[in-house]
Each structure stands twice: as structure tokens, then as C-alpha cells.
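See structure below.
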Amino acid sequence: MYVVIEGIDTAGKSTQLEILAKKYKEAIFTKEPGGTQIGIKLRQMALEGEAKSKLAEMFLFLADRAEHIYEVILANKDKMVISDRSMISGIAYAKNLSLQTVIDLNLIATNNTLPTHVILLKLSKEELQNRLSKKEHDSIEARGIDYLLEIQNRMEETIKKLNLNYRFIDASLSIEDISKDIEDFLNE
Ligand SMILES: Nc1ncnc2c1ncn2[C@@H]1O[C@H](COP(=O)(O)OP(=O)(O)OP(=O)(O)O)[C@@H](O)[C@H]1O
Ligand SMILES: Cc1cn([C@H]2C[C@H](O)[C@@H](COP(=O)(O)O)O2)c(=O)[nH]c1=O
């Protein structure tokens, strides 16, 4: 089982992953970017805005993803693996290229490996504004509210286009209600 928790910045992914870690003690918890040794370096380069071109930035995330799929996902394919972000973020955030082109690049990076369960936490504009106002921004979050809402729409489009097994959840529900909905989905 390859479960991914998706959502734009501040959607509540880490909060839900903490709860999942207590419920699924046998599962392997991982993340993109930064789930491997090389990934830690690539994450730092990508999030500190070292790449000046958007294309180079996308290839940093793709390199991270290729290594992560090989070292973590495929190496544990008989176990339950739960990941903070996935190729869905990769496709959605690389919005300077067409959806189909980025999907093709991501399928190469992942060796055609797709998640079995996708949870997308969806934020309203008001709630996103509220949550972003309370934290310091990395170089990607600094791109603003409208940028992030556009990414959220691309995430939704990507999940549907790839015909994945998904659950969309309103991220402004209570932490407990979201957690219950995730558990129900994983037990279906
Ligand atoms: N259901 C919720 N209702 C209200 N606030 C929440 C909820 N879930 C998370 N939060 C709060 O929103 C903020 C962002 O949550 P969290 O760090 O879990 O998001 P994230 O998706 O992991 O963010 P990022 O991608 O930026 O790391 C935190 O302050 C957290 O306490
Ligand atoms: C996988 C991936 C991520 N991003 C962006 C999304 C976030 O702004 C950061 C990651 O930060 P987090 O604290 O780990 O959520 O990177 C991206 O632009 N492209 C990607 O492929």
C-alpha cells in the first residue's frame, strides 16, 4: 500500500501524518522532497531558491523523486508506506509546463509507480490566507495565495487525470474529523 498525503503549503499534511504515525506503527513514513540522503541536499537547494530557472528547479524535485521511488517506495513495496507529498505535487507545482509534459517526466522519474491511495487536503482562500499569515515563508510559499490556489487546482486535475484512488477532504474541518475520514478511506 503506497499512501500519499497531498495538499498545498499549510493544508495540514504534517498534522495528519503525526496522527497516522500513532495509528499505523508498522508503516514506513517518508516525504518528498528530502526522503533520502541525496534528497536532503536536493530539498535544500530547491527550497532555498538556488536554481534560477524554473526548469532547473523542477529537475531538482525530479531527481529527488527518482531516488525516493528507488530507495524507499520500491524497496518497501510489500509494506505500508505513507508519504508526505508525491509526484502529484511535482506535477502541480511545475506549472510552467503543460500538464501532460510534466506527467510524462514524472512517470519516467517514478518508473511508472503510482500511489494506491491519495488524500488531498483542500484549503479555501480565506483559510490559506489565515494559515500563511502565521508562518515564515520559504521561497515557494512566498509566491503567494493565488499561486498556491492555482497549484491546488492542478493537484485536483492531476489526480483525476491519472485516474487515481483518491479522497478529497476539506482542510478546514477539525483535525479529528479529517483524521477519521482518512482512516475510513484507508480501511475501505
Ligand atoms: N484541521 C485544522 N484546523 C485548523 N488548523 C490546522 C488544521 N490542521 C493543521 N492546522 C494548522 O495549520 C498549520 C499548518 O499545518 P501543517 O504544518 O500540518 O501543514 P502542512 O500541510 O504540513 O504544511 P507545509 O506543507 O507548509 O509543511 C499549523 O499551524 C497547524 O497547527
Ligand atoms: C514535491 C514538490 C514540492 N514542491 C514544493 C512544495 C512546497 O512549497 C515545498 C516542500 O515543502 P514541504 O514543507 O515539504 O511541504 O516544495 C515543489 O515545488 N515541487 C515538488 O515536486
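Structure notes:
- Failed criterion for residue 96 (all others in (1) at positive phi; (2) touching a helix residue (DSSP H, G or I) at 6+ places or on another chain (Cβ under 6 Å); (3) surrounded by fewer than 16 Cβ atoms within 10 Å (Cβ to Cβ); (4) not charged (D, E, K, R) hold): (1)
- Residue list for the stretch 11-24, restricted to those being of a type in the set (A, V, I, L, M, F, W, C), under 26 Å from residue 133 (Cβ atoms) and part of a helix (DSSP H, G or I): 17, 19
- Note on the stretch 43-57: residues that are hydrophobic (A, V, I, L, M, F, W, C), open to solvent by less than 60 Å² (accessible area, probe 1.4 Å) and outside any loop (DSSP other than H, G, I, E, B) total 3.
- Any hit, the stretch 11-24, residues being under 24 Å from residue 165 (Cβ atoms), open to solvent by less than 20 Å² (accessible area, probe 1.4 Å) and near ligand 2 (Cβ under 10 Å from one of its atoms): yes
- Checked against the criterion of being among the aromatic types (Phe, Trp, Tyr), away from ligand 2 (no atom under 16 Å from the Cβ), in contact (Cβ under 8 Å) with a residue 12 or more places away in the chain and farther than 26 Å from residue 67 by Cβ, the stretch 150-167 contains not a single residue that satisfies it.
One line per residue, one yes/no per condition, for (1) β-branched (Val, Ile, Thr); (2) surrounded by fewer than 16 Cβ atoms within 10 Å (Cβ to Cβ); (3) in a helix (DSSP H, G or I):
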position	(1), (2), (3)
3	yes, no, no
9	no, no, no
26	no, yes, no
41	no, yes, yes
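- Between 50, 57, 6, 18, the distinction of being on the phi < 0 side of the Ramachandran plot, without any contact (Cβ under 8 Å) to a residue 40 or more places away in the chain and within 11 Å of ligand 1 (Cβ to nearest atom) belongs to 18 only.
- For the stretch 164-184, a residue qualifies if it is farther than 14 Å from residue 3 by Cβ and open to solvent by less than 70 Å² (accessible area, probe 1.4 Å), and the qualifying residues are 168, 171, 172, 174, 178.
- Yes/no for residue 75 being surrounded by fewer than 16 Cβ atoms within 10 Å (Cβ to Cβ), out of contact with any helix residue (DSSP H, G or I) (no Cβ under 7 Å at 6 or more places or on another chain) and within 27 Å of residue 28 (Cβ to Cβ): yes
The values are calculated or read from the model by the stated rules, or taken from the named source; none is laboratory data. Please read these numbers as outputs of a predicted model, since none were measured by experiment. Please note: Cβ atoms are built from the backbone with ideal geometry, for glycine as well, and neighbour counts cover all protein chains shown. The protein model used for the area step is the full one, side chains on, heavy atoms only, and it has no ligands, DNA or RNA in it. Shrake-Rupley method; radii C 1.70, N 1.55, O 1.52, S 1.80 Å.
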